[in-house]
Structures are given as structure tokens and as C-alpha cells.
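Only the coordinates and a few stated rules stand behind these numbers; no lab work does. As the structure is a computational prediction, the values presented were derived from the model and not from experiment. Note: ideal-geometry Cβ built from the backbone for every residue, glycine included; neighbour counts use all protein chains shown.
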Amino acid sequence: MLKKSDELRATGRRKTSVARVRFRKGKGRIVVNNRELDDYFGRDTLKMIMRQPLELTAMSDKFDIYATVVGGGLTGQAGAIRLGIARILEKVDADLRPALKKAGMLTRDSRKVERKKYGQPGARKRFQFSKR
């Protein structure tokens, strides 16, 4: 287990967001980019996504979490932090791995926005076709 001075780190990614997450022994405080969780993520769904691994493993009040996240939008950032938290929880206690794995929290979501192609208005959309 962690001592008071110890710190665990992990990286999570989602879309174009990259999150560096640090765990310290504490009472469950979550700080994202030097702001409290409630200040950073306005929507409750984003807060819920981020807390999923902690609630699944019943560790929400044992660690203070400090996350630095860059890139993308708020949804991608919440997903990136979630992956980082899940990876650290696996380091803390290897017995948590099956539960996290079953819930799909240790898998990186590799979906990204497909790029727009030349000669058409979007990634897959085509200009209107007319026979005549």
C-alpha cells in the first residue's frame, strides 16, 4: 500500500485528450488542472464517468487525485482521466484488475474523428449526385 509521501502515476488517453493522473493517500479530493472537480466539469455525467473506477472498487475516499489533462473537449478529457484512474487502481491492488477489466475500464477507447477527404464535404459524406 502507499505511504503518506508516496505517489502513483499513470497516463490515460481518449480521442485527442491526454491525462496525467497522480494518486496520494488522502480523503477523496479530486483536482483537475489545479481546479476542484466541480469547478472543472460542469456536467454531472462527466463527473460520473470520471468517478466510475473509484466507485466500482470502493476506493473513492482513500486517495486524493490530481490530474493534469490537455487536448480535446471535456468528454474526451473525462474519459482520459477515467482510464488513468483505472490504471493506477490496478497498480494499487492487482486483485481489482478482473472487476476493472470486466467493466471495460482498462481498455483504451481508440475511436477518433475520421479526417475530411478532399473532393467531398466531410469524412464520408459525398456531394449530391445528379445523373443529368
>> Can you list residues from other chains, or at least 5 along the same chain, whose modelled amide H is less than 5 Å from the amide H of residue 26?
In response: 63, 64
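So for the stretch 8-102: antiparallel DSSP bridges make up what percent, rounded to the nearest 5? Don't jump to the answer; show the numbers that get you there.
Working: 17 of 20 bridges.
Looking only at bridges with both residues in the stretch 8-102, the antiparallel portion is about 85 percent.
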> Between residue 61 and residue 91, what is the label-to-label distance in nm when each label sits 7 Å out along the Cα-to-Cβ direction?
Replying inline: 2.6
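What does the extension gain come out to for residue 128 and residue 115, with contour length at 0.36 nm per residue minus their alpha carbon separation? Can you show the working numbers first?
Values: separation 13, 0.36 × 13 = 4.68 nm, distance 1.98 nm.
Going from the current span to full extension adds 2.7 nm.
For the chain, what relative contact order do you get, as a whole percent, if you take Cα pairs closer than 8 Å and at least 6 residues apart? Walk me through the intermediate numbers first.
Details: 228 pairs, mean separation 39.4, N = 132.
After rounding, I find 30 percent.
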> For the stretch 1-99, which GluC sites (Glu not before Pro) are in a loop by DSSP, counting at most 16 other Cβ atoms within 10 Å?
Replying inline: 7
>> As a test of the formula, what do you get for the chain when each DSSP H run with n ≥ 4 contributes -39,500 (n - 2.57) and the sum is divided by the residue count, at 222 nm and rounded to the nearest 500 deg cm²/dmol?
In response: -10000 deg cm²/dmol
> Near residue 94, within a Cβ-to-Cβ distance under 14 Å, what is the net charge of the other residues, with Lys and Arg +1 and Asp and Glu -1?
Replying inline: +1
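Could you tell me which of the pairs 101/125; 15/47; 102/125; 15/101; 47/91 are separated by over 27 angstrom between their Cα atoms in the structure shown? Walk me through the intermediate numbers first.
On the way: 101/125 36 Å; 15/47 18 Å; 102/125 36 Å; 15/101 20 Å; 47/91 23 Å.
As for pairs spanning more than 27 Å Cα to Cα, those are 101/125; 102/125.
Over the stretch 8-102, what lengths in whole Å, largest first, do the semi-axes of the equivalent ellipsoid take, defined as the square roots of 5 times the eigenvalues of the alpha-carbon gyration tensor?
Working: eigenvalues 73, 41, 30 Å².
So the equivalent ellipsoid measures 19, 14, 12 Å along its semi-axes.
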> Please identify the trypsin sites (Lys or Arg not before Pro) of the stretch 1-100 that satisfy two criteria: DSSP loop assignment and at most 11 other Cβ atoms within 10 Å. Which are they?
Replying inline: 3, 4, 27, 43
